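What follows is a set of notes on a single structure, which appears directly below.
The values are calculated or read from the model by the stated rules, or taken from the named source; none is laboratory data. Everything numeric here is computed off the predicted structure, so don't read it as measured data. Cβ placement follows ideal geometry from the backbone for every residue including glycine, while neighbour counts extend to all protein chains displayed. For the accessible areas, the whole protein counts, side chains as well, though only heavy atoms, and no ligand, DNA or RNA atoms are used. Shrake-Rupley method; radii C 1.70, N 1.55, O 1.52, S 1.80 Å.
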Amino acid sequence: AQSVTQPDIHITVSEGASLELRCNYSYGATPYLFWYVQSPGQGLQLLLKYFSGDTLVQGIKGFEAEFKRSQSSFNLRKPSVHWSDAAEYFCAVGSLIQGAQKLVFGQGTRLTINP
Amino acid sequence: GAGVSQSPSNKVTEKGKDVELRCDPISGHTALYWYRQSLGQGLEFLIYFQGNSAPDKSGLPSDRFSAERTGGSVSTLTIQRTQQEDSAVYLCASSPSGTRVFFGPGTRLTVL
């Protein structure tokens with residue numbers, strides 16, 4: 001069965017500092033991988049996705065993630081965070097079944113930004 | 001263009017009552033999904049519909065939960081005889097051809 005682990009429940013970084021959020025997955029085949037962000041009171045917004053090809057994927061808002069098959073990881077990074085990045089971040093693995101993308105989410109990492 | 005919309009945005013009900021939550025997917029999206037987000041369980045898959053295929057109901061937590069999708073568009077999630085543990089945010093999502101999944105704002109359900 002698929003599963004996703006986000007080891008860090010809560011991370012605090014200073015504005016302007018670099019950020020890395022960890023994600024490990026368990027999946028039998030080549031996974032579809034996603035990072036979503038959820039701001040307070042908002043729905044889930046897709047930051048980036050990996051399906052195949054280049055293992056370093058670029059997303060919106062200056063985020064990127066790197067797929068490492070050997071480590072079963074898909075960590076999210078940003079070189080310099082902004083106060084508006086404070087939110088909850090979810091990593092997900094998907095399985096494509098008859099054209100539908102069934103997602104399994106990690107527990108989420110809450111990001112706090114210090115001024 | 002319009003995104004996924006859900007109604008109501010908030011619902012407060014009494015234990016034992018039935019509730020219906022509505023989802024309007026993005027026009028033309030063939031797949032529709034329901035997820036539940038709660039403090040103790042995180043984001044859980046409930047059910048999805050894809051075209052004319054039989055829905056995948058494997059995530060529904062009990063037989064009090066059901067969902068239908070009419071005309072390949074609007075979907076309703078029904079919870080019968082609500083319990084306090086049903087309190088959560090219910091998220092609907094849709095996707096075209098199974099790549100990118102778009103989420104709605106959710107319905108916050110509170111069972112008193």
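When the GluC sites (Glu not before Pro) in the stretch B:9-112 are filtered for DSSP coil states and for at most 12 other beta-carbon atoms within 10 Å of their beta-carbon, the remaining sites are B:Glu14.
Among B:Ser95, B:Ser73, the order of accessible area from largest down is B:Ser73, B:Ser95, computed with a 1.4 Å probe on protein heavy atoms.
Share of carbon and sulfur in the accessible area of the stretch B:66-112 stands at 47%, probe radius 1.4 Å. Listed by chain and number, the lysines placed with their C-alpha closer than 27 angstrom to that of B:Lys15 are B:Lys57; residues fewer than eight positions away on the same chain are left out. Considering only A:Gly16, A:Gly62, A:Gly41, the mean-square fluctuation computed in a Gaussian network model of chain A, springs between alpha carbons under 10 angstrom, is largest for A:Gly41.
Measuring with a 1.4 angstrom probe and ignoring ligands and nucleic acids, A:Ile9 comes out at about 130 Å² accessible.
Note on the protein assembly as shown: Kirkwood hydrodynamic radius from all Cα pairs is 18.1 Å, rounded to one decimal.
Using C-alpha pairs under 8 Å with a sequence gap of at least 6, the mean separation divided by the residue count of chain A gives a relative contact order of 37 percent. Excluding ligands, DNA and RNA, the accessible surface per residue across chain A is 47 Å² with a 1.4 Å probe.
Once backbone amide H atoms are built at 1.01 Å from N, B:Ile47 has B:Trp34 as its partners under 5 Å, excluding neighbours fewer than 5 places away on the same chain.
When peptides A:44-51, B:36-43 are ranked by their average number of other Cβ atoms within 10 Å per residue, the highest-first order is A:44-51, B:36-43. Across chain A, counting alpha-carbon atoms alone, Rg and Dmax equal 13.7, 47 Å. Once B binds A, the 1.4 Å probe can no longer reach about 1700 Å² of accessible area, counting both sides. Counting only lysines at least 8 places from A:Lys78 when in the same chain, those with an alpha carbon closer than 20 Å to its own are A:Lys49, A:Lys61, A:Lys68.
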